[in-house]
Amino acid sequence: MTQPSISTRRQLITVVMLVLALIGGLVRWFAPQPSVARDLGSMLMVLWLPIVGNIIAWLIQRAKTPKHVPQGFAAGTVFEPSARIELTLLAADTPRLSRPIRAGYFDGALVVGSEGFTTRLAVPSDGEPVPEVPCTLEVQFLRPELALARLTPGVRFALLSGRTVLGTGHVLP
């Protein structure tokens, strides 16, 4: 899970509002007691209030975000199958994309509804998946305790590589 970055535009707006609030505070400090300048300073300080909620929400999100989340399978780790799946690749629009999964290990994500699980497929050299033909593969989950609770036998899923859907399938018993 990656922490979403705050857009540059939003950061700029926050800095501008802070500067306006500081200017308003200075104007209010140096302006005589009953004056339009003092009222204008108060208005500039009030402009900062909506930004305070954003800062509090950002701090809460930052406090809840885990400090270290594994990004994927470590290089050189041994393949330990967690489950077996039946996968059917989707037909590709271009010939170059018609064989996206080659022999060896293939990293991707199995998605069920709105939940995704990082996986590594073991693809045998004589059993590379072909589009629109079901094939049986062994799969290893990065976090098997979470994935196996949701991916029980018979559950249908989609296989993703990045943001591209490569195929669909179901978990075998």
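Just so it is clear, none of the values below were taken in a lab; they were calculated from the coordinates. Bear in mind that the values here come from a model prediction, so they are computed numbers and not experimental data. All Cβ positions, glycine included, derive from the backbone under ideal geometry; neighbour counts span all protein chains shown.
Of note:
- Residue (of Val130, Ala109, Thr168) at the positive-pole extreme of the chain, dipole from beta-carbon charges: Ala109
- Fully extending the segment from Arg62 to Asp39 would add 4.7 nm, taking 0.36 nm per residue of separation and subtracting the current Cα-Cα distance.
- About the centre of its Cα atoms, the chain shows a dipole size close to 800 debye [charges on the beta carbon of Lys, Arg (+1) and Asp, Glu (-1) only; nearest 20 debye].
- Exposure proxy order (Cβ contacts within 10 Å, fewest to most) of Leu89, Leu47: Leu47, Leu89
- The ellipsoid equivalent to the alpha-carbon distribution of segment 83-171 has semi-axes of 20, 14, 12 angstrom, derived from the gyration tensor eigenvalues as √(5λ) and listed largest first.
- Kirkwood radius, segment 123-173, all distinct C-alpha pairs, inverse of mean reciprocal distance: 12.4 Å.
- Estimated FRET transfer efficiency (Phe30, Ser7; beta-carbon r; R0 45 Å; 0.05): 0.80
- Residue among Ala21, Ile56, Gly72 farthest towards the positive dipole end of the chain, charges placed on Cβ: Ala21
- For Leu18 and Thr164, a Förster radius of 45 Å and the Cβ-Cβ distance give a FRET efficiency of 0.65, rounded to the nearest 0.05.
- Segment 113-133-segment 140-173 distance, computed between alpha-carbon centres (Å): 9 Å
- Alpha-carbon Debye profile of the chain, log10 I(q)/I(0) at 0.11, 0.20 Å⁻¹: -0.63, -1.24
- Scanning the chain for DSSP H helices at least 20 Å long along the axis (C-alpha atoms) with a Kyte-Doolittle mean no lower than 0.5 picks out 8-30, 49-64.
- The three principal axes of the Cα atoms in segment 8-64 give end-to-end lengths of 46, 20, 13 Å, sorted in falling order.
- Averaging the sequence gap over all C-alpha pairs within less than 8 Å and six or more residues apart, then dividing by the number of residues, gives segment 83-171 a relative contact order of 38 percent.
- Ascending count of other beta-carbon atoms within 10 Å, so fewest first, for Met43, Met17: Met43, Met17
- Neighbour-count order for Leu18, Leu90, fewest beta carbons within 10 angstrom listed first: Leu18, Leu90
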